[in-house]
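The values are calculated or read from the model by the stated rules, or taken from the named source; none is laboratory data. Values in this document were obtained by computation on a predicted structure and should not be read as measured data. With ideal geometry, Cβ positions are generated from the backbone for all residues, glycine too; neighbour counts draw on all protein chains shown. Surface accessibility is based on the protein's heavy atoms, side chains included, excluding ligands, DNA and RNA. Shrake-Rupley method; radii C 1.70, N 1.55, O 1.52, S 1.80 Å.
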Number of protein chains: 2
Amino acid sequence: MFILPQKDSGTPTTSPGSVSTQGLHSNHGDGLEREGSGKPDQKPLKLYGVGDPTAMFSSDSPYLSSRGSIIKWFWDSAEEGYRTYHMDEYDEDENPSGIINLGTSENKLCFDLLSRRLSQSDMLRVEPSLLQYPDWRGHLFLREEVARFLSFYCKSPAPLKPENVVVLNGCASLFSALATVLCEVGEAFLIPAPYYGAITQHVYLYGNVRLVCVYLDSEVTGLETRPFQLTVEKLEMALKGANSEGVKVKGLILINPQNPLGDVYSPGELQEYLKFAKRQKKGVPGKNKFGNPGLDRGPSGFLIHCHPTLGDAFDLPAKLSPPHDLPSRHELHVMVDEVYMLSVFEESVGYHSVLSLERLPDPQRTHMMWATSKDFGMSGLRFGTLYTENQDVATAVSSLCRYHGLSGLVQYQMAQLLRDRDWINQVYLPENHARLKAAHTYVSEELRALGIPFVSRGAGFFIWVDLRKYLPAATFEEEMLLWRRFLDNKVLLSFGQAFECKEPGWFRLVFSDKTHRLRLGMQRVRRVLEGKSQVAEDAPSC
Amino acid sequence: MFILPQKDSGTPTTSPGSVSTQGLHSNHGDGLEREGSGKPDQKPLKLYGVGDPTAMFSSDSPYLSSRGSIIKWFWDSAEEGYRTYHMDEYDEDENPSGIINLGTSENKLCFDLLSRRLSQSDMLRVEPSLLQYPDWRGHLFLREEVARFLSFYCKSPAPLKPENVVVLNGCASLFSALATVLCEVGEAFLIPAPYYGAITQHVYLYGNVRLVCVYLDSEVTGLETRPFQLTVEKLEMALKGANSEGVKVKGLILINPQNPLGDVYSPGELQEYLKFAKRQKKGVPGKNKFGNPGLDRGPSGFLIHCHPTLGDAFDLPAKLSPPHDLPSRHELHVMVDEVYMLSVFEESVGYHSVLSLERLPDPQRTHMMWATSKDFGMSGLRFGTLYTENQDVATAVSSLCRYHGLSGLVQYQMAQLLRDRDWINQVYLPENHARLKAAHTYVSEELRALGIPFVSRGAGFFIWVDLRKYLPAATFEEEMLLWRRFLDNKVLLSFGQAFECKEPGWFRLVFSDKTHRLRLGMQRVRRVLEGKSQVAEDAPSC
């Protein structure tokens, strides 16, 4: 699903519009803003932001409740851009001058493999039990298969159990259900930003739960850090800040591999975040105790061509001391969204699921999410799953699954797919990874040739692209203008503000598409940037 | 999904437990209760009740929010009975002494036809567009097919439009979405009771919307009335009562054909209810203007063997005068749930969809719901649809459809099914209706032979059975004891309180099952009643 702008594109400086307007109107006088770096066009950055998803809302309907009007508004906001694209979709034969979509995070590289597998005769089984009311948690045969599948691909130390599995129609629904059963109305989850902006709606529309952004930035402060790196200190500060505003935080959302960064957390980092979430005693968290070679990768494991002027732009202000004196218990639930876990195509990147950890700091508050949308390139199939040892959480989510159920026939198909290890291991995954890698290589080389910095680490379907130098001024208005310029030139990207990135000028570029579309898309990107670059150089400095 | 008791079965007089505890704890001092009829064991009946779905709630979880604990409790409440049945399910060969399920409203008569149709090769089409993110309203090809299907089977005066169709994973989800977008938290819908009790959860779990019961009773007051007949006067009184308690009512839910009554509204009745919902000026609604021969059926068109002592039990108290002085505008949304519209198996019953009406009093507030769960015997397939001319409502529901989406592959299958008129008209519907009729005839004759009164009209999968004479006292405790006696004797029924019936002793008996199971089920029912009847006769009069 791509993140698109809302109608009112003329509004300057405040959100030029995305389906998420998270944090735009949060407190600016809380003393937690960091000072500018001395660069005249560098606005002060906040370290956290308590979201108000309806800050930009207008237009009540006489037929709807106030929440109904807001829910409708979320649709309308997304619709304008969605319509623009769908009214003029690129087609090699029918509409070669149509819009190339490098904005929606879908894997379009493997439909041939998937179609072949899903069309096999074993996929169409129609039994009475599949047509009758199901167990709302999911049919047992499917939950058993999911448990086996996750045990294997997540490398769990012990076999996972079907009773900890809840199956439903996608991770959007799972976010909605978890927000509702874990939080009261108005409570919040922490989430490192930039993040996949649709989560704002997922937790808000039904659940009325907000997100507290933990803002990350592109600064690289030393050998042990990478751009947009999440640290426990940042989590602590955001939590402390939200608490100081009276916002009750109930959980932490981690996306791993991260969207839009393509970043992957090491087991050591994961442990630290999980310990932070539990935090039973005072002081900073202990160092990671895992000896895994994938740990604590420095920037060497990270592909980045960083903006040269940014090195010292974001020093931590002195008033923000490390959190040695924090409250003794957080007891945050941690939801780890691992929908890209099998889309790590760079062999050197060691991926570690939260389910692979030998000992979870707080297993009753650790919940893993997965789906076939990304790893099996089937966002239209609507299959997602929760794995949690907490039976209260599993039961409460199951109770909502009556509203998130998927067809018995699809449940059967998914069980067939997940149990077919030969196909997955010998056909699908190797081919999928090879194609992802080739597409990634093509796009990243194009970007290098253009001299464009970007962040990417060999996981996911996207590259996080630094186009800040193409903005005449470091504002979201300029970011939006650039985005529109791309769209006018028939290539759709996602702009950083839709991910709550606090540095204007970052874009997410999806590369998991066929060569001919990628090639044409990149030509159009280049055309815009070469023109735009000219404009930027000509423009007076702000 | 069947309605089952909760754990605490020992609690007397107050709810012996159902997943719905609607109205149990509503105001008793509001002056709207009707007096007892003079029969010593007849408790006063209320004319309406404002539901408190959590009245029986207990057991907070330390891991869940308060709403999460309630959501979990709904699951646990249903689970006890569900487990009892599923742990000991009847199977002709494997477990012939297992429980026969005459409680769950599913059509088990046509799996052969359905399996054959759904297994045909045209059902397995795997195209990239079906695997990608869909239009959340449903793929256009499916919405077009739904519009054509409803135009034909609902006999709409003009072709229905795809843009008024929203497709999602079942009517449970649709109730959840409509409640959320039409009501604020704590507002309410009117619903005539007895009603399919699960709707209580559907509007409450996510939407926090309550139901105001419009209590119907078995009294037959004249030639023009039938038992449990809904009248505009009753609607007006319930609305007035709810308003007097400060409860804001936003809509009216009509189930047509009705569940559990199997009743069918005439176009004239439908018009009156719709006019009530709109109500622009003072006074009682005008008389029906339709000359349709299906109108205003008297009890002659209605199968009932009514309890002989009940004729004059429920006179309207003098203090409840007809609503001549009501507020001038109601502007209630009307949701017409027509999931049994093609399951009218008695030819003499003329069924009229709300979409067949020439002129709706308030088309912008009239919303029709349909699904394949009942009419195509596929509750596990998860396909439902909304038809509404109101684009605000359609859009707001669509916005929530991200959480209620169904697989692209299933959308394709449903389009194939709905467009196959030859199969539907020449194979499925005639055979389905013949089988339903045969099963209905068998069960109703068994009931007659037992001397048991019942309500049924040739629509739906169930008979509403009057077992009041088998209760030693007219209490819900006795109703529950009888229900347990059935379960102990390995036959599952649904008890009246689960449908918010205010007369203890009514049960819903599902007949849409294969002959061998029906025969055995009815034998078990007979065994219990013959024993229970003996007990009742021996018991001292209360």
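Somewhere in segment B:148-171, is a residue part of a helix (DSSP H, G or I) and facing another protein chain (nearest Cβ under 9 Å)?
No, that holds for no residue.
Considering only segment B:507-523, state which residues are assigned to a helix (DSSP H, G or I) and open to solvent by 10 Å² or more (accessible area, probe 1.4 Å).
If the condition is that a residue be assigned to a helix (DSSP H, G or I) and open to solvent by 10 Å² or more (accessible area, probe 1.4 Å), then B:Thr515, B:His516, B:Arg517, B:Arg519, B:Leu520, B:Gln523 are the ones that fit.
Return yes when B:Thr200 is touching a residue at least 60 places away in the same chain (Cβ under 8 Å), crowded, with 24+ Cβ neighbours inside 10 Å, away from chain A (no Cβ under 11 Å) and β-branched (Val, Ile, Thr) and no when it is not.
yes
Answer yes if at least one residue in segment B:524-532 is surrounded by 24 or more Cβ atoms within 10 Å (Cβ to Cβ) and either under 21 Å from A:Gln132 (Cβ atoms) or over 18 Å from the mean Cα position of the chain (by Cα) (or both), and no otherwise.
First, pick out the residues of segment B:524-532 that are surrounded by 24 or more Cβ atoms within 10 Å (Cβ to Cβ): B:525.
Those left that are additionally either under 21 Å from A:Gln132 (Cβ atoms) or over 18 Å from the mean Cα position of the chain (by Cα) (or both): B:525.
Yes - at least one qualifying residue is present in segment B:524-532.
Report yes if B:Asp375 is away from every other protein chain (no Cβ under 11 Å) and either at pLDDT below 95 or in contact with a Cys (Cβ under 8 Å, 6 or more places away or on another chain) (or both), otherwise no.
Numbers: away from every other protein chain (no Cβ under 11 Å): yes; either at pLDDT below 95 or in contact with a Cys (Cβ under 8 Å, 6 or more places away or on another chain) (or both): no.
Considered against the rule, which asks whether it is away from every other protein chain (no Cβ under 11 Å) and either at pLDDT below 95 or in contact with a Cys (Cβ under 8 Å, 6 or more places away or on another chain) (or both), B:Asp375 comes out as no.
Inspect segment B:265-275 for any residue being at pLDDT 85 or above and among the aliphatic types (A, V, I, L, M) and give the result as yes or no.
Yes, there is a match, as at least one residue in segment B:265-275 is at pLDDT 85 or above and among the aliphatic types (A, V, I, L, M).
Within segment B:68-122, take every residue that is among the aliphatic types (A, V, I, L, M) and at pLDDT below 95 and give me the one that is surrounded by the most Cβ atoms within 10 Å (Cβ to Cβ). First the steps, then the outcome.
Initially, segment B:68-122 is screened for residues among the aliphatic types (A, V, I, L, M), giving B:70-71, B:78, B:87, B:99-100, B:102, B:109, B:113-114, B:118.
Those still in the list that are at pLDDT below 95 too: B:78, B:87.
Numbers: B:Ala78: 23, B:Met87: 9.
Residue satisfying both the conditions and the ranking: B:Ala78.
Only one of (1) assigned to a helix (DSSP H, G or I); (2) surrounded by 24 or more Cβ atoms within 10 Å (Cβ to Cβ); (3) away from every other protein chain (no Cβ under 14 Å); (4) not aromatic (Phe, Trp, Tyr) fails for A:Glu272. Which number is that?
(2)
Tell me the residue from A:Ala179, A:Ala238 that is of a type outside the set (Asp, Glu), out of contact with any Ser or Thr (no Cβ under 8 Å at 6 or more places or on another chain), in a helix (DSSP H, G or I) and facing chain B (nearest Cβ under 10 Å), please.
Exactly one of A:Ala179, A:Ala238 is of a type outside the set (Asp, Glu), out of contact with any Ser or Thr (no Cβ under 8 Å at 6 or more places or on another chain), in a helix (DSSP H, G or I) and facing chain B (nearest Cβ under 10 Å), namely A:Ala179.
Could you grab me the full set of residues in segment B:123-142 that are part of a helix (DSSP H, G or I) and either facing chain A (nearest Cβ under 9 Å) or open to solvent by less than 20 Å² (accessible area, probe 1.4 Å) (or both)?
If we filter segment B:123-142 for residues that are part of a helix (DSSP H, G or I), which is where we start, we get B:123, B:128-131, B:140-142.
Within segment B:123-142, B:Met123, B:Pro128, B:Ser129, B:Leu130, B:Leu131, B:Leu142 qualify.
Quick one: which of B:Val209, B:Val185 is without any contact (Cβ under 8 Å) to a residue 60 or more places away in the chain, over 14 Å from the mean Cα position of the chain (by Cα), crowded, with 24+ Cβ neighbours inside 10 Å and within 13 Å of another protein chain (Cβ to nearest Cβ)?
Unique residue meeting the criteria: B:Val209.
For segment B:333-356: of the residues being in a loop (DSSP other than H, G, I, E, B) and either outside the structural domain of B:Leu274 (by the TED database) or among the small types (Gly, Ala, Ser) (or both), which is surrounded by the fewest Cβ atoms within 10 Å (Cβ to Cβ)?
Of everything passing the filter in segment B:333-356, B:Ser348 is surrounded by the fewest Cβ atoms within 10 Å (Cβ to Cβ).
Could you run through segment A:357-373 and say how many residues are out of contact with any Ser or Thr (no Cβ under 6 Å at 6 or more places or on another chain) and part of a helix (DSSP H, G or I)? Steps first, answer last, please.
First, pick out the residues of segment A:357-373 that are out of contact with any Ser or Thr (no Cβ under 6 Å at 6 or more places or on another chain): A:357-359, A:361-366, A:368-369, A:371-372.
Narrowing the set further to residues that are part of a helix (DSSP H, G or I) leaves A:363-365, A:372.
Going through segment A:357-373 one residue at a time, the tally reaches 4.
Return yes or no: is B:Ser105 part of a loop (DSSP other than H, G, I, E, B) and hydroxyl-bearing (Ser, Thr, Tyr)?
It is true that B:Ser105 is part of a loop (DSSP other than H, G, I, E, B) and hydroxyl-bearing (Ser, Thr, Tyr).
Test B:Leu254 against the criterion of being assigned by the TED database to the domain that holds B:Val336, closer than 17 Å to B:Leu332 by Cβ, of a type outside the set (Lys, Arg) and out of contact with any Gly (no Cβ under 9 Å at 6 or more places or on another chain), and give yes or no.
yes
Evaluate the following for B:Glu503: is it outside any helix (DSSP H, G or I), open to solvent by less than 10 Å² (accessible area, probe 1.4 Å) and either farther than 26 Å from B:Pro192 by Cβ or modelled with pLDDT of 95 or more (or both)?
So B:Glu503 fits the description; yes.
For segment A:433-455, state whether one or more residues are within 17 Å of A:Arg524 (Cα to Cα) and in contact with a Gly (Cβ under 9 Å, 6 or more places away or on another chain).
There is at least one residue in segment A:433-455 that is within 17 Å of A:Arg524 (Cα to Cα) and in contact with a Gly (Cβ under 9 Å, 6 or more places away or on another chain).
Of the residues A:Phe149, A:Phe175, A:Phe141, only one is more than 24 Å from the chain's Cα centre (by Cα) and among the aromatic types (Phe, Trp, Tyr); which? Talk me through it step by step, then tell me what you get.
Values: A:Phe149 fails: more than 24 Å from the chain's Cα centre (by Cα); A:Phe175 fails: more than 24 Å from the chain's Cα centre (by Cα).
That would be A:Phe141, the only listed residue that is more than 24 Å from the chain's Cα centre (by Cα) and among the aromatic types (Phe, Trp, Tyr).
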